[in-house]
1. All but one of (1) touching a residue at least 12 places away in the same chain (Cβ under 8 Å); (2) more than 16 Å from the ligand (Cβ to nearest atom); (3) in a helix (DSSP H, G or I); (4) open to solvent by 60 Å² or more (accessible area, probe 1.4 Å) hold for residue 126, so report the exception by its number.
2. Got at least one residue in region 186-198 being of a type in the set (A, V, I, L, M, F, W, C), at pLDDT 95 or above, open to solvent by 30 Å² or more (accessible area, probe 1.4 Å) and farther than 21 Å from residue 281 by Cβ?
3. Can you name every residue in region 140-161 that is within 14 Å of the ligand (Cβ to nearest atom) and outside any helix (DSSP H, G or I)?
4. Out of the residues in region 225-253 that are more than 10 Å from the ligand (Cβ to nearest atom), aliphatic (A, V, I, L, M) and in contact (Cβ under 8 Å) with a residue 60 or more places away in the chain, state the one that is farthest from residue 271 (Cα to Cα).
5. Sort out which residues of region 261-279 are in contact with a Gly (Cβ under 9 Å, 6 or more places away or on another chain) and either touching a residue at least 60 places away in the same chain (Cβ under 8 Å) or not assigned by TED's automatic domain parsing to the domain that holds residue 222 (or both), and write them in order of number.
6. Could you tell me which of the residues 256, 288 is within 13 Å of the ligand (Cβ to nearest atom) and either modelled with pLDDT under 95 or more than 26 Å from residue 6 (Cα to Cα) (or both)?
7. Go through region 1-51 and give me each residue that's over 19 Å from residue 292 (Cβ atoms), open to solvent by 10 Å² or more (accessible area, probe 1.4 Å) and outside any loop (DSSP other than H, G, I, E, B).
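The values are calculated or read from the model by the stated rules, or taken from the named source; none is laboratory data. These figures come from a predicted structure and were not determined experimentally. Please note: Cβ atoms are built from the backbone with ideal geometry, for glycine as well, and neighbour counts cover all protein chains shown. Only protein heavy atoms, including side chains, enter the accessible area calculation; ligands, DNA and RNA are left aside. Shrake-Rupley method; radii C 1.70, N 1.55, O 1.52, S 1.80 Å.
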Amino acid sequence: MIDKNQFRGHEQLAYLNDKDTGLKAFIAVHDTSLGPAAGGCRMWPYENEMDALNDVLRLARGMSYKNAMAGLPLGGGKAVIIGDAKTDKSEAIFKALGRFVDSFGGAYITAEDVGMTTEDMMTIATETDYVAGLPQGDHASGDPSPFTAKGIYNGIKAAVKYKLGRDTLDGLTVAIQGVGHVGQYLCEYLHADGVKLLVSDIVAENLVMAVEKFDAAVVPAEEILSAKADVLSPCALGAILNDETIPNIRASIVAGGANNQLANDSHGVRLMDRGILFAPDYVINAGGIINVSGETTGNYDIDWVNRKVDNIYNTLIHIFERADKEQRPTNVVADEMAEEILAAARLKKKSAA
Ligand code: NAD
């Protein structure tokens, strides 16, 4: 029943059907060789349990890869709540989720994800210590978006250096899809470097902000992916790199913060065949989790966080070089590099035991 493509190397999987509160949730721990499994809790109106199960397995493995490639002392895990975030939230279900997280004894650390708010996380934290990304408290690291944006900025610089042979961004054009939390901080970095910005959003005030503060030019939402630019930076939605959009992309680099940009893995090949350099999303957008990771150590150190965020540049250069050498898509190479890091950590743990 479980999709074998999703169930690969997971350590733990648990389902809670809490009759008292109505909470139905899965927690999957993919790998703890590098440290406790960290990954957000998603609330989504899944059609059935199997959809939720396959999603939690996929997302937990994704977190292992992301944390491994960011060089963090964290493994990968994820929680999903089956429910509609607009209608099904209650204090009781989040407290039940807190107890569920706590039952893992620290093997899984939760945080905010789609459908969840920082307030929901505060409720969960009344039942367990294993919550990160809180807005307040002893080690709270706050909004991750500025760190995510800084990582993307570093990643754009790496891609520009690799693909265009340029050390600076001055005079280049970057098209940004979505100027929300991440997009607006990214605008700030790029504008300061003399980049010409093209932006799209579906919220008018976000566009006004980008025009007024960063001298951006607005492009209609349906045209941003095919805008004439050096770099396309998707910072809104997933699955936007697909059969319909890839043939029309005019930028030679795709480097943005949105999660799961490729509709499926084969679209990495399509980008490569078109000569478009793709910065794998979970590598370039790791700034936020790096910042949260600083919080999980219980000893938040901003210099450590900044060093890790800056290192996204080097990690991407390694991926680009290896992908070129092996003539394989960057997304496949990144997954393979993550698997290698996990395998080495497993071996080290085994030989230390
Ligand atoms: P956000 O909701 O603040 O911003 C997204 C923006 O995209 C919004 O302004 C929204 O109006 C706009 N948008 C939605 N549909 C659009 C469309 N069709 N065309 C153009 N714009 C559209 O979210 P965010 O926190 O900035 O995150 C952006 C992306 O980055 C998401 O995919 C998120 O999962 C990913 N991400 C965010 C972080 C973080 O630290 N916030 C970390 C890692 C990954």
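1. For residue 126, the failing item is (3).
2. yes
3. 141, 142, 143, 144 - these are the residues of region 140-161 that are within 14 Å of the ligand (Cβ to nearest atom) and outside any helix (DSSP H, G or I).
4. Selected residue: 231.
5. The answer is 262, 279.
6. It is 288.
7. 12, 13, 14, 15, 16, 17, 24, 26, 44, 49, 50, 51
For every residue, the table says whether it meets (1) outside the structural domain of residue 38 (by TED's automatic domain parsing); (2) touching a helix residue (DSSP H, G or I) at 6+ places or on another chain (Cβ under 9 Å); (3) among the aromatic types (Phe, Trp, Tyr); (4) free of Cβ contacts under 8 Å to residues at least 24 places away in the same chain.
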| residue | (1), (2), (3), (4) |
| --- | --- |
| 307 | yes, no, no, yes |
| 326 | yes, yes, no, yes |
| 329 | yes, yes, no, no |
| 332 | yes, yes, no, no |
| 346 | yes, no, no, no |
| 349 | yes, no, no, no |
